[in-house]
Amino acid sequence: MRPVYMISGGITKFAKAHPEKDFRLMVKEAFDYALADLPGLTRELIDGSVCSYFSDHFTRQLKAGAMVQDYLGLCPKPSRRIEGGGATGGLCFQAAWEAVASGRMEVCLSMGFETMSRVNTWKGNEFIALASDTNFDYPVGGFYTGYYAMMVRRHMHEFGTTVEQMAKVAVKNHRNALHNPYAQSPGELSIEDVRSSPMVATPLTILDCCQMSDGAAVAVLASEEVAQRLSSRPVRITGVGCGTDAMRMADRPRGEVILLPHESAEEYRDLTYPGVHSFRGGRMAAKLAYGMAGITDPARELDFVELHDAYTSSEIQTYEDLGLCRYGEGGSFADAGAPFLPHITYGLSFSGDDRWRRVPVNPSGGLLACGHPVGATGLMQAVFAFWQLQGAIGKHLGNDTLQIRDAGRGLIHSHAGTGTYITVSVLERSE
Amino acid sequence: MGKDAKLPETEEGSVLFNLDPIIVKYHYEIDYLHSYAQDSPFFAGLAKKKLLGSRCTVCGYTYATPRGHCMECGEPTAWVELPLEGKVHTYTTCHFGGEAFLKETPYTLILVEFDGIDTLFLSRIVGAEPDEVRIGMPVRARFLRNCKFRPTDVYFVPL
Ligand SMILES: [Zn+2]
């Protein structure tokens, strides 16, 4: 395998609905943005593409990826679709990495979209729920917020996690998004606002959940030779990992923790794992990505994380899977302010617990505030991480409030189902 | 050859929501001939008021939600009758849901754990208010009298 770099990216504004643009035009906008951002990068230099979108039901079109490929003027170059539920975008990013790492392509375009506004919200929830076992789970009242509610109920039972800790995640991500013009639902929320908003599935309120969106994103990946020729600030992808778990969360085993280098079996002696409270696939993805990137203590070696916060609860669960804190500490990690940006006022008081180094999580606003056009989401994370590592947040967002000073290494995390496919990729500034 | 050929006009129209851009209603519906295949005995069991799980013939791992082959070792499983009493492992009350279930809200989902069984079973609980359901609460399976061959033919009530 050879080194792979991200050399450009682009996104559309994520919104509840973009009826004036179809999926092809949205991807085209993101693609043109990426081309314009890197003079020297032309359509001719792109050897092929991978295209991510989750649901043919939403698109009302099979083989929609082929239509994006021709719309962008990339025929007859190679392309294929990547699909893996909520992790579709993260899987697509890694598919482009594979194309370049293997030597098959010098430059690979990863492009993703979703147009979720084409059905009403409840039909959309039904489509998403069809990504659970349709013999045993979906017919019982299949509803993803319900599944996540059951998982966090168990997390609360095992570890004492509270709804207020979850609400703090919503406050954080919506406040961060106030400085991100691409975000769908920025806002100044309080814990009280989150708790008093309509209940969706106990204990998750509507502000604990991300919204459905229309949007597109692209990331352009290239070999070292091309990256150094075209870009003065390429970002190297130093680690990729992916993990899986059983489709039915009822099937999750209760066994031993998969350990990261900085952890010991002794500290988890009394923990059954993953049960329904943790994501074994996320831990596996992190372990593989850290191994490749040479990371031994993620909380000390990462400068920021963009993770898949489809729910406030899953952000807290994911802190633990990624090893930013120990299993069971996710709620306290949020309470301590560790995942918050240091220079933003959130209207919250933090616990003062100093067990953890500050690692800003979802400085962009994450899925909760940016929106979640499924096939674009994992690539949106890549684009924000890329801009962070280039020090170019100010250029692209129109203000540099969210820019993390001297950010050298970031992590992106994409997550499907109840934890069925999960990807982790590590990106680093290259001097 | 007929240069005056014409398609017949019909009285069907389109439901129009918007003109710029044009947004129309597009209807789509499917009837599948869905086979439960190797999971079929579970659904047949529901008609006999039995809850069938599966046990690995090699490693003994036992699944409350059945599967034909073992997730731990890949070997075939055998059908095994589950106890009809278990405990709530976790729960939620859904106030919204997918379109198909909106009319049933609020409904309470539970994952049921059974003594000696390694995995869980997703079901609904009835006969308990949302604020009465607790982790660890004992529950008993009940079955619809008229089987629909769906997993909702079984549900749970407080013990
Ligand atoms: Zn076995």
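Things worth noting here:
- Gain on full stretching of the segment that runs from A:His57 to A:Ser102 - 0.36 nm per residue minus C-alpha separation: 12.9 nm
- Per residue, the convex hull spanned by the alpha carbons of region A:8-51 comes to 81 Å³.
- Longest to shortest principal axis, alpha-carbon extents of chain B, angstrom: 78, 43, 32
- Projection of the Cα convex hull of region A:178-299, averaged over all directions and equal to a quarter of that hull's surface, yields 12.2 nm².
- Whole-Å semi-axes of region A:318-357's equivalent ellipsoid (Cα gyration tensor): 19, 10, 8
- Distance between modelled label sites at B:Leu33 and B:Met1, nm, 7 Å Cα→Cβ extension: 4.6 nm
- Unit charges at the beta carbon, dipole of region A:4-118: most positive-side option, A:Ser55, A:Phe14, A:Gly90: A:Ser55
- Gaussian network model of chain A, springs between alpha carbon atoms under 10 Å - residue of A:His372, A:His179, A:His396 with greatest fluctuation: A:His396
- 19 Å tail of the calculated P(r), region A:312-403, as % of Cα pairs: 46 percent
- The alpha carbon convex hull volume per residue for region A:140-234 rounds to 185 Å³.
- Rounded tilt (10° steps) of A:88-101 against the dominant C-alpha axis of chain A: 50 degrees
- For A:Leu45, A:Leu302, A:Leu368, the sequence from fewest to most other C-beta atoms within 10 Å is A:Leu45, A:Leu302, A:Leu368.
- Residue of B:Pro21, B:Pro41, B:Pro76 that the Gaussian network model of chain B assigns the largest fluctuation, springs spanning Cα pairs under 10 Å: B:Pro21
- If you take the Cα centroid of region A:1-54 and the Cα centroid of region A:64-118, the two points sit 9 Å apart.
- Global size of region A:255-310 as Cα Rg and Dmax, reported in angstrom: 12.2, 32
- A Cβ-based charge dipole, computed about the Cα centre of region A:4-118 with Lys and Arg at +1 and Asp and Glu at -1, lands at about 320 debye.
- Anisotropy class of region A:227-380 from Cα gyration tensor, a/c 1.5 cut: rounded
- Its Cα gyration tensor gives region A:4-118 an equivalent ellipsoid. The semi-axes, each the square root of 5 times an eigenvalue, are 22, 16, 13 Å from largest down.
- Net lengthening on full extension, A:Arg43/A:Ser264 (0.36 nm per residue, minus Cα-Cα): 74.6 nm
- Neighbour count of at most 15 Cβ within 10 Å plus DSSP loop: longest trypsin sites (Lys or Arg not before Pro)-free window in chain A: A:105-268
- Dipole magnitude of the protein assembly as shown, debye to nearest 20 (Cβ charges: Lys/Arg +1, Asp/Glu -1, about Cα centre): 580 debye
- Each principal axis of the Cα cloud of the protein assembly as shown was taken in turn, and the coordinate range along them, longest first, works out to 85, 70, 49 Å.
- Classification of region B:66-153 by its C-alpha gyration tensor yields a prolate form. The axis ratio a/c (a ≥ b ≥ c) is 1.5 or more, and a/b outweighs b/c.
- Split chain B at each of the GluC sites (Glu not before Pro) in a DSSP loop with at most 16 other beta carbon atoms within 10 Å, and the longest piece is B:73-159.
- Within a Gaussian network of chain B (alpha carbon springs, distance under 10 Å), most fluctuating of B:Tyr32, B:Tyr61, B:Tyr107: B:Tyr32
A short reminder: the numbers here are calculations on the coordinates, not readings from a lab. Owing to the predicted nature of the structure, the values given are computational and were not obtained by experimental measurement. So basically every Cβ, Gly included, is an ideal-geometry build from the backbone, and we count neighbours across all protein chains shown.
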